[in-house]
1. Based on what the data block shows, is A46 touching a helix residue (DSSP H, G or I) at 6+ places or on another chain (Cβ under 8 Å) and under 20 Å from G112 (Cα atoms)?
2. Quickly run through the stretch 20-39 and pick out the residues that are farther than 18 Å from A4 by Cα and crowded, with 21+ Cβ neighbours inside 10 Å.
3. Taking V82, is it of a type outside the set (G, A, S), buried (at least 17 other Cβ atoms within 10 Å of the Cβ), in contact (Cβ under 8 Å) with a residue 12 or more places away in the chain and not in a helix (DSSP H, G or I)?
4. If I go through the stretch 3-18 residue by residue, how many of them are farther than 11 Å from I71 by Cα and either touching a helix residue (DSSP H, G or I) at 6+ places or on another chain (Cβ under 8 Å) or exposed (fewer than 14 other Cβ atoms within 10 Å of the Cβ) (or both)?
5. Among what's in the stretch 19-55 and is part of a strand (DSSP E or B) and aliphatic (A, V, I, L, M), pick the residue that is farthest from G66 (Cα to Cα).
Amino acid sequence: LRLAQPYRPRGTALLCCFAEEDHALPLMAASFRFVEWGLHTELLGARTPPMALGVAVRERKPDVVGLSVTIAPPPERSRELVEGYAEAVGELPWVVGGSGVTQVQDLVLQAGGRVITGCGDEVATQIGEIEGIG
């Protein structure tokens with residue numbers, strides 16, 4: 001990923017997995033889509049709690065935040081995490097994707113985030129539609 005970063009990025013994307021998510025490989029794959037769209041991409045990795053994301057957002061000042069969820073936590077925990085992530089990112093645009101996104105989709109949308117679905121070129125197109133980046 002370090003070698004694939006754009007020469008003149010449009011902005012910065014900060015990416016991480018849900019707090020209870022160990023599957024970082026899908027996050028890494030998605031990161032290349034953000035790079036493809038021209039964003040310098042930084043990974044926080046698996047198991048990122050909302051508080052840690054909030055610290056990273058304040059320190060790194062990204063243009064967009066992306067979260068990955070492969071296996072959604074139970075409903076009450078999902079609600080707690082999504083609300084925490086929404087608070088952590090503040091006014092920044094943020095997206096959630098991954099094979100577990102359908103279980104948290106309503107929570108994400110209610111909290112002001114966007115949901116990315118599909119794979120391949122669909123993901124790159126959806127990234128390009130995010131307001132506030134580019």
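None of the figures in this text is laboratory data; all of them are computed from the coordinates on show. In this text, all values refer to a predicted model and were calculated from it rather than measured experimentally. Reconstructed Cβ throughout: ideal geometry from the backbone, glycine too, with neighbour counts over all protein chains shown.
1. So A46 fails the test.
2. Result: E21, single match.
3. Numbers: of a type outside the set (G, A, S): yes; buried (at least 17 other Cβ atoms within 10 Å of the Cβ): yes; in contact (Cβ under 8 Å) with a residue 12 or more places away in the chain: yes; not in a helix (DSSP H, G or I): no.
Judged against the criteria, V82 is not a match.
4. The number of residues fulfilling the criteria is 11.
5. Keep residues of the stretch 19-55 that are part of a strand (DSSP E or B), which gives 39-45.
With aliphatic (A, V, I, L, M) added as a condition, the list becomes 39, 43-44.
Values: L39: 12, L43: 9, L44: 10 Å.
Once the filter is applied, the top-ranked residue is L39.
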